[in-house]
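The values are calculated or read from the model by the stated rules, or taken from the named source; none is laboratory data. Since we're looking at a predicted model, the values are computed, not measured. Positions of Cβ are generated from backbone atoms using ideal geometry, with glycine treated the same way; all protein chains shown enter the neighbour counts.
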Amino acid sequence: ENNEKMSKSRGNVVNPDDVVETYGADTLRMYEMFMGPLDASIAWSENGLEGSRKFLDRVWRLIVDENNKMRDRITTLNDGKLDKVYHQTVKKVTEDYENLHFNTAISQLMVFINEAYKVDALPYEYIEGFVQLLAPIAPHMGEELWAILGNDGGISYAPWPTYDEAALVEDEVEVVFQVNGKVRAKSNVPRDLGKDELEKAALA
């Protein structure tokens, strides 16, 4: 704490066993991965541990009900509301893991969970894929959620989630309207808008 270097003489050494006993191994693991780039010097913070613990608690509550069963809102139906953020998450987390950018991978996992809380129905395949993405950071929770979702065998043996490039394409694009070479307006329009519709938008 207070950006002091840990030393026995100062009595500020953090015992990982104590942290694991208080917060759990997954919380400690996530916090260490989320602190920043692996080669950076980062100050230890109890608040950071609390933040990691709260996130994992949010993940658990999203997926598991009070009876320790998979929530009813997790369904085989997909209304498409989470399509983009899910495929973005698979792509970014996969690439970040490959490049050892664990802190930004965790940030994207948090983005997905925030969006998941905004919808009523949670596609099973997306929740299952998310749990796989989470498992390298929080392996104990990952295995437990994997079993609650009805899977047999260890999560580490399951094929890694894949993403659809088509789902990553923005639905809208920004169009710049110019008159005599000078920018007069900018507008977001549907990507597949035809020439006639585009001209109408310019005159609107």
(request) Quick one: residue 108 ticks every box in (1) surrounded by fewer than 16 Cβ atoms within 10 Å (Cβ to Cβ); (2) under 18 Å from residue 134 (Cβ atoms); (3) modelled with pLDDT of 95 or more except a single one, so which number is it? (result) (1)
(message) If the requirement is being touching a Phe, Trp or Tyr at 6+ places or on another chain (Cβ under 9 Å), in the same structural domain as residue 34 (by TED's automatic domain parsing), aromatic (Phe, Trp, Tyr) and modelled with pLDDT of 95 or more, which of these qualifies: 124, 86?
(response) 86
(request) May I ask you to list the residues in segment 147-166 that are surrounded by 16 or more Cβ atoms within 10 Å (Cβ to Cβ) and either within 17 Å of the chain's Cα centre (by Cα) or among the charged types (D, E, K, R) (or both)? (result) 161, 163
(request) Could you tell me which residue of segment 67-110 is nearest to residue 123 (Cα to Cα), considering only residues that are in a helix (DSSP H, G or I) and among the basic types (Lys, Arg)? (result) 84
(message) I need every pair where a residue in segment 94-107 that is on the phi > 0 side of the Ramachandran plot has its Cβ under 9 Å from the Cβ of a residue that is surrounded by fewer than 17 Cβ atoms within 10 Å (Cβ to Cβ) and not hydroxyl-bearing (Ser, Thr, Tyr), sequence separation at least 6 or different chains.
(response) 100/37; 100/38
(request) Consider only pairs whose beta carbons are under 7 Å apart and that are at least six residues apart or on different chains; among these, list those whose first residue lies in segment 28-51 and is closer than 17 Å to residue 141 by Cα and of a type in the set (D, E, K, R) and whose second residue is modelled with pLDDT of 70 or more and crowded, with 17+ Cβ neighbours inside 10 Å. (result) 29/137; 29/138
(request) Consider only pairs whose beta carbons are under 7 Å apart and that are at least six residues apart or on different chains; among these, list those whose first residue lies in segment 59-71 and is surrounded by 14 or more Cβ atoms within 10 Å (Cβ to Cβ) and whose second residue is small (Gly, Ala, Ser). (result) 62/116
